[in-house]
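See structure below.
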Amino acid sequence: MSVDEPTVRKIARLARIGIADDDVAPLAGELSAILGWIEQLGEVDTAGVAPMTAVIPNHLAWRVDQVTDGDVQAKVLANAPDATSGFFAVPKVIE
Amino acid sequence: MTALTDLTIAGMKAGLAARDFSAVELTDAHLAAMEAARGLNAFIVETPDIARAQAAAADAALARGDARPLAGIPLGIKDLFCTEGVQTTAGSKILQGFIPQYESTVSGKLLADGAVMLGKLNMDEFAMGSSNETSAYGRVISPWKAGDSNRELVPGGSSGGSASAVAARIAAGATGTDTGGSIRQPAAFVGISGIKPTYGRCSRWGVVAFASSLDQAGPMARSVADCALMLTSMCGYDAKDSTSLNVPVPDFAAGLTGDMRGRRIGIPREYRLDGMDPTIIALWEQGIAWMKDAGAEIVEVSLPHTKYALPAYYIIAPAEASSNLARYDGVRYGLRVTPPGGNLADMYSATRAAGFGTEVKRRIMIGTYVLSAGFYDAYYTQAQKVRTLIARDFERAWEQCDLLLTPTAPSAAFAFGDKADPLEMYLNDVFTVPSSLAGLPAMSVPAGLSADGLPLGLQIIGRPLDEAGVLDAGLAIERAAGFTARPGR
């Protein structure tokens, strides 16, 4: 699978990673090489094989439906780049 | 008298119990070693004040007679583990200055057992790398040199700071994490031991996530017995990790015998690659001979889907990473970059462009691509089906044998920049990735030296939850190999 430049821009947008124009072509080459190598998986016959969901058989544990944590607003906000009046602050969303 | 920093953890425990030295003296010796070896860049943060306070507490516990199993043992903690009040970055610029408000379960268990934290160990960014060249805080250098060469060598990755610090006698042991070989490959590169337990043995709570279905914590130390001591403290059920296994944890150190009589050791024929380094083949054959001498029966086995493990891994791990790393958006913690006049979406992409390094961006983009509409089934679902087949290969092998013996890595440590092509770097994990995909316990033990005097490791893989069997085989190799080589600096 060859990844072209529009595809690189699309993936970068989906991943919310800004990329410089100069980086698009080299990334297209790198991703094409990696995905080309990965494509050998297509030759494995997986008819009737279930995709793995849990590597070691386990079951989700039940617990009592009660609050076990909370009232830690200062801790939650301690690492925020911008915290205002007890909230996370972000640039304007609505024009 | 042996220098305090040369002792094994078992030796330190004996010396502390006999009052040959105090925990504060032991910690001070390691802090001095840490300072002297700063050139290796093994630590991102040094925590000497915390270490001395913990050592004093250990001395008090020793005096009272209620010391815990790791009282006073100086350890390094990989920077992937959240440590309350101490910066945790996962080797990434995007988490620079992040101060966790809580302690990861695994590091908390080690500290509760009396361990002393020397500092936070450098690593490949978000544990993505096999050479420690992707850290945003500078590369970690191995204390080893090849022959007469003066070239600096990689310590392996991603737990490269852990490997370098333990090999250079800065820390008695260290925590590592292993997603596709990140404990075993660096352990092999620097001549120490390291074990990745069964997936679910160690809680992932508070460990910065890379690929959640693969990530497992484990110990790295200078002997198999030391790994066993640390592993007992690190394992255990944790309700805060939904994949944590609720099974009893044996006292791994107490149960260690090294007895191989009656054990069947499988040798997977697919691990013998075309054009493989003859030194690695010779070491593997030596390992087989040691196992026979120790009383084991050798069985050739087949793991037919081995060659598909790496490509499956490079779909599954990036897919999970692209999802896990979506949380770094500049809102709740970490770096924020807002372009002048930019809106929220501009902030997201500028923050992630500036905060993530090249390899992390590459993997997020691969993951995003394989999970995107139209490609999901062809890539991700197919990879998870192949993963089922790889796990089934191992299940079939366990009908014929109890443990598997393989080389840990296809080469000895290489120099910085030698594997500039990402694909070539990925291939270094060829022997460690299959057991990661199957969630199996696996360990690397130093077994010999390359032609130019660099450490080489052998890997033992076990059945689910058979860490005890893996450690026994590791001890058998350790005894037979008599590996005493140590790095020059």
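The values are calculated or read from the model by the stated rules, or taken from the named source; none is laboratory data. Note that the structure is a prediction, hence the values are computed from the model and not measured. Cβ: placed from backbone, ideal geometry, glycine included. Neighbour counts: every protein chain shown.
Observations on the model:
- Every residue from the stretch B:380-435 that is touching a Lys or Arg at 6+ places or on another chain (Cβ under 6 Å) and outside any helix (DSSP H, G or I): B:TRP398, B:CYS401, B:ASP402, B:THR408, B:ALA415, B:THR432
- Index of the failed condition, B:PHE210 passing every other in (1) surrounded by 24 or more Cβ atoms within 10 Å (Cβ to Cβ); (2) over 15 Å from the mean Cα position of the chain (by Cα); (3) part of a loop (DSSP other than H, G, I, E, B); (4) not basic (Lys, Arg): (2)
- Residue within the stretch B:217-226 that is surrounded by 24 or more Cβ atoms within 10 Å (Cβ to Cβ) and within 14 Å of chain A (Cβ to nearest Cβ) present: no
- Applying a threshold of 9 Å to beta carbon distances and a minimum spacing of six or more residues, or different chains, the list of pairs starting in the stretch B:411-431 at a residue that is over 12 Å from B:GLY157 (Cα atoms) and surrounded by fewer than 22 Cβ atoms within 10 Å (Cβ to Cβ) and ending at one that is of a type in the set (Asp, Glu) and modelled with pLDDT under 90 reads B:ASP418/B:GLU424.
- Unique match (being of a type outside the set (Asp, Glu), surrounded by 14 or more Cβ atoms within 10 Å (Cβ to Cβ) and assigned to a loop (DSSP other than H, G, I, E, B)) among A:VAL3, A:VAL24: A:VAL3
- The set of residues in the stretch B:82-109 being more than 14 Å from chain A (Cβ to nearest Cβ) and either out of contact with any Gly (no Cβ under 9 Å at 6 or more places or on another chain) or of a type in the set (Lys, Arg) (or both) consists of B:LYS109 alone.
- For the stretch B:383-396, a residue qualifies if it is at the interface with chain A (Cβ under 8 Å from one of its Cβ atoms) and in contact (Cβ under 8 Å) with a residue 12 or more places away in the chain, and the qualifying residues are B:ALA383, B:GLN384, B:VAL386, B:ARG387, B:LEU389, B:ALA391.
- Restricting A:GLY36, A:GLY86, A:GLY29, A:GLY70 to residues that are more than 7 Å from every other protein chain (Cβ to nearest Cβ), over 30 Å from B:VAL247 (Cα atoms) and either surrounded by fewer than 11 Cβ atoms within 10 Å (Cβ to Cβ) or touching a Leu at 6+ places or on another chain (Cβ under 8 Å) (or both) narrows the list to A:GLY86.
- Restricting attention to the stretch B:20-68, the residues being part of a loop (DSSP other than H, G, I, E, B) and in contact with an Asp or Glu (Cβ under 7 Å, 6 or more places away or on another chain) number 2.
- Test: residue in the stretch B:315-323 that is part of a loop (DSSP other than H, G, I, E, B), under 30 Å from B:SER435 (Cα atoms), modelled with pLDDT of 95 or more and within 11 Å of another protein chain (Cβ to nearest Cβ): no
- Of the residues making up the stretch B:333-350, those that are more than 7 Å from chain A (Cβ to nearest Cβ) and more than 17 Å from A:ALA80 (Cα to Cα) are B:PRO339, B:PRO340, B:GLY341, B:ALA345, B:ASP346.
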